[in-house]
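Presented below is the structure to which this report refers.
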Amino acid sequence: MMKKFLRGFKYATNGIMSVIKSEINFRVHIVMALYVLFFAFIGEVSISEFATLCALIAIVLALELINTALEALCDRITRERDAIIGKVKDLCAGAVLISAIFAATAGLFIFLQENVLTTVFTLFGTSPAVLIGFLISIPIALLFMFAIKKKD
């Protein structure tokens, strides 16, 4: 029983690693999520705001996984142009887009509060190490997002 349970985690991990390797959009969402969590932490957002951000991140990532799975299934059914398959793919992509837009909107409401902005800018101004670490993370994030090539 426990073996089967643990095997489920292995399969889930395989799926997540597969989408990280093959889907640029998922990697972009991962990087954005990490930056959101970083700024939430240093901006000292409330626990409820942090929980909201975590839930929204989970929704966007989960929908991206579902979108990728359905695209793979559709491609397995046919590679030829098919109106219904195209509609399914468009609907799935639309679901991801809607979740990302509303997650970003909620994030803006949280991060554009004066106390959060003040806390972030004060920390960057008084702690060069944090600012330098953030600036160094940008090219690393760009490499992670765009340098991984999809294997055919």
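Of the options (i) 1.05; (ii) 1.19; (iii) 0.94, only one is Rg/Rh (Cα atoms, Kirkwood Rh) as computed from these coordinates, and that is (i). Using alpha carbons only, how many degrees (0 to 90, rounded to 10) separate the axis of helix 114-126 from the longest principal axis of the chain? Around 70 degrees separate the two axes. Are there any trypsin sites (Lys or Arg not before Pro) in segment 59-149 that are in a DSSP loop and have at most 11 other Cβ atoms within 10 Å? List them by number. Loop-located and lightly packed - ARG79, ARG81, LYS149. Listed cross-link partners LYS4/LYS87; LYS4/LYS89; LYS10/LYS87; LYS21/LYS87; LYS4/LYS149 are compared with a 30 Å cut-off, the Cα-Cα value being larger for LYS4/LYS87; LYS4/LYS89; LYS10/LYS87; LYS4/LYS149.
Any read-out appearing in this document is the output of simple, stated calculations on the displayed coordinates, not a laboratory observation. Quantities reported herein were computed from a predicted structural model and do not represent experimental measurements. FYI the Cβ positions are ideal-geometry reconstructions off the backbone, even for glycines, and counts take in every protein chain you see.
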